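Notes to accompany the following structure.
The values are calculated or read from the model by the stated rules, or taken from the named source; none is laboratory data. Fair warning: this is a prediction, and the values are worked out from it, not measured in the lab. Positions of Cβ are generated from backbone atoms using ideal geometry, with glycine treated the same way; all protein chains shown enter the neighbour counts. Side chains included, ligands, DNA and RNA excluded: accessible areas come from the protein's heavy atoms. Shrake-Rupley method; radii C 1.70, N 1.55, O 1.52, S 1.80 Å.
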Amino acid sequence: MKLNKLIQYSFIALLSALSFISCKKDDIEEPVKKNILDQLKLVTTFKNESDNIEIYTKSGKFTQGYNDVYFQVKNSSGEVIAHEAQSWMPMMKMTMKSHSCPFSEITKVADNPMVSSGFIIFNMASDDMGSWKLTINYTVDDVEKVAEGEISVQASARRVTQGFKGSDSIQYFIALIEPSIPKEGPNVMKAGLYKMEADHTFSPIGNYKVLIDPRMPGMGNHSSPNNEDLISQGKGIYNGKVNFSMTGYWKINLQVENESGVILKGEAITEETESSSIFFEVEF
């Protein structure tokens, strides 16, 4: 008799414990997914007959060099609506000619399919010589639409882009992507390398190599150890590592090498050659 009651009490206690655990699980709230736009700043809004296209970047502006760009579409009532981004085109109109710049395809943000994103690498700032215009092609419910407007691109404080003619007589363009916020010690380094076409568009270059040699001109032009040259990752993107051994002004000297190992542009640093003809600047 005592044994049966003991078993009964144990069974009831087990059911109570399981019920308590189940309630606790039910009380746990699912983590709220953050909207990527909450971490960004509005740059501008394009308007057409039916929609407002809100364009965002991290800084709330466009700057010469690499820019991650995000946008969403709202209807006339201010509601965010689903869209399919087709293409975009940044174009600078100058007195004698017009030209584009390197840019990526547009993709949906994984955690927020109502937001589209890509990157644009502006090779020039807006000035008296020319102005930038951005055109975005998209669809809503299979209806093709266009949004466009003039945009202001601010000049970079340091050299983060450079066009050059290689020893193969081809015009190239290279841009610093990372580090966007440099720090003392090892930094992931990323750059974009493109060929400038006759129609003033840009094609990504693969299978080349970008040799780097960071130096501090104001500190005896000393270098730093453990740097890694930039290797092609495809679609014109090159990755490596740059090590800043102290804070201050750094010049990252570059040499661009083709798939045959030929240096197309740039010089090795020696006692006689203190700087390459192509380089990036970083100061922090």
Area accessible to solvent at D68, 1.4 Å probe radius, in Å²: 70
In nm, spacing of pseudo-spin labels at S275 and S169 (7 Å Cα→C-beta vector): 3.0
Estimated vicinal HN-Hα couplings, Hz - segment 38-54 in sequence order (Karplus 6.51, -1.76, 1.60; Gly, Pro = x): 5, 9, 10, 10, 5, 8, 6, 10, 8, 10, 10, 4, 10, 10, 10, 9, 8
Using θ = phi - 60° and Karplus 6.51 cos²θ - 1.76 cosθ + 1.60, couplings along segment 140-157 (whole Hz; Gly, Pro as x): 10, 6, 6, 9, 6, 9, 9, 10, 8, x, 6, 10, 9, 10, 7, 5, 7, 5
Extreme residue, positive dipole direction of segment 80-207, given options Y138, I151, G185 (C-beta unit charges): G185
Probe 1.4 Å, protein heavy atoms only - accessible area per residue of segment 101-233 in square angstrom: 50
Residue order for V69, V143 - accessible surface, 1.4 angstrom probe, largest first: V143, V69
Highest-MSF residue in the chain out of E272, E54, E257 [GNM, Cα springs under 10 Å]: E272
Y138, Y56, ranked by accessible area, largest first (probe 1.4 Å): Y56, Y138
Area accessible to solvent at S232, 1.4 Å probe radius, in Å²: 30
Listed residues M114, M129 arranged by accessible area, highest first, probe 1.4 Å: M129, M114
Accessible area of M91 in the full protein assembly, 1.4 Å probe (Å², nearest 10): 70
Segment 219-284: C-alpha gyration tensor shape, a/c 1.5 cut-off, then a/b vs b/c: oblate
Among 101-107, 118-124, the order from most to least packed when residues are scored by Cβ within 10 Å on average: 118-124, 101-107
Amide H within-cut-off set for G248, under 5 Å, with H built and near neighbours excluded: F284
Within the accessible area of the chain (1.4 Å probe), percent carbon and sulfur: 51
For the chain, built as a Gaussian network whose Cα springs stay under 10 Å, the top-fluctuating residue of A198, A125, A147: A198
Only Lys, Arg (+1) and Asp, Glu (-1) charged, at Cβ; segment 157-211 dipole about Cα centre in debye: 180
